[in-house]
Each structure stands twice: as structure tokens, then as C-alpha cells.
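What follows is a single structure, written as C-alpha cells, with notes after it.
The values are calculated or read from the model by the stated rules, or taken from the named source; none is laboratory data. None of these values were measured; they are calculated from a predicted model. With ideal geometry, Cβ positions are generated from the backbone for all residues, glycine too; neighbour counts draw on all protein chains shown. Side chains included, ligands, DNA and RNA excluded: accessible areas come from the protein's heavy atoms. Shrake-Rupley method; radii C 1.70, N 1.55, O 1.52, S 1.80 Å.
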Amino acid sequence: MSKAAAKARAQVVRLLIPAGKAAPTPPVGPALGARGVKSMDFCKEFNAKTAHIEQGVPTPTLITVQPDRTFTFVTKTPPASYFLKKAAGIEKGTGKPGHEFNGTVSLKHVYEIAKIKSTDEHMKHLPLESIARMIVGSAKSLGVRVVP
């Protein structure tokens, strides 16, 4: 494939941006500037779209940059680890997952998180029980104990 053909395709940029706090500083500025997109335009649109979300919540974002330097973006729900840390009341995960535990969450918390995550486009086809199992796995890797 030639360089011209490679540039003619749309490029997808995946970023984790705090809701309502997008600024043309790293990581947003360099990621979009390298593809010829004005990062300030993206930041204004992103902050307007995430205004209803609590400020600072990490929001996974897929930005599709077209060859003519226009862009579209899709925001997803925050990572499961963010919700688990918030529910357990901890700042960060353990250094030795499986051996040390930082906090605990109930099964009810896990299902609440699963309901939120089930609204994501890539998880709509999965049953709630499967999403809950994924969240239990994330909890184990964070060092959070799940109690019934």
C-alpha cells in the first residue's frame, strides 16, 4: 500500500479524557495535531457533550479523523476500574492482586456497574450476568474483594 493510499483512510484515535476538562494539552493536542485536526475545536465539542457528566470522570473516547481533517467522536462509559474504586472507596489498586485486598464491594454494586456498562455499544449484545463476571474479574485484578 502506498503512502497516499494509507493517508486516504480515516484514522481512529483512542483517548481517555476527563469529562468536561478536555484541553489542547497532552494527550489531546499532540494526538490530534499530528493528524491535522484543530484540537481546540475538538475540546469545545467534547466539553459541551460531556457537560452533564460529573467533571473529571475518565471518559474513553474514539475520535475518527477523516482524510479531509474533519472528525467525529464517540464517548463511552467510564472504565469498570473507575466505578470499582469509587464503590470501594479506594484511590488505587493493590500492588499484589490476589494476595492483598484494598477494599470490598457487594454483589449489588457489581450489578449496578454492569447495568451502566451494558449501555456501551460493544456490550449491548451481552447478558448482564456476563458483564457482571467481567467486572468481578476487574475487581480481582484491582485487589477489591466481592462479597455477596
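Could you grab me the full set of residues in the stretch 69-82 that are within 26 Å of G33 (Cβ to Cβ), open to solvent by less than 60 Å² (accessible area, probe 1.4 Å) and under 16 Å from the mean Cα position of the chain (by Cα)?
Correct list: F73, T75, P78, P79.
Pairs under 6 Å by beta carbon, first residue in a helix (DSSP H, G or I) in the stretch 103-125, partner of a type in the set (F, W, Y), six or more apart or different chains?
I113/F83
Can you find even one residue in the stretch 52-68 that is out of contact with any Pro (no Cβ under 8 Å at 6 or more places or on another chain), within 20 Å of S138 (Cβ to Cβ) and of a type in the set (D, E)?
No, the stretch 52-68 has no match at all.
Please state which of the following conditions K85 fails to meet, knowing it meets all the rest: (1) more than 19 Å from the chain's Cα centre (by Cα); (2) within 21 Å of G56 (Cα to Cα).
Against the list (1) more than 19 Å from the chain's Cα centre (by Cα); (2) within 21 Å of G56 (Cα to Cα), K85 comes up short only on (1).
Check G93 against each of (1) of a type outside the set (S, T, N, Q); (2) open to solvent by less than 30 Å² (accessible area, probe 1.4 Å); (3) modelled with pLDDT of 90 or more and name the one condition it does not meet.
(3)
Give, as residue ranges, the helices (runs of 4 or more DSSP H) completely inside the stretch 1-91 that count at least 1 residues that are under 25 Å from T119 (Cα atoms) and of a type in the set (D, E, K, R).
Counting at least 1 such residues, we get 39-49, 80-88.
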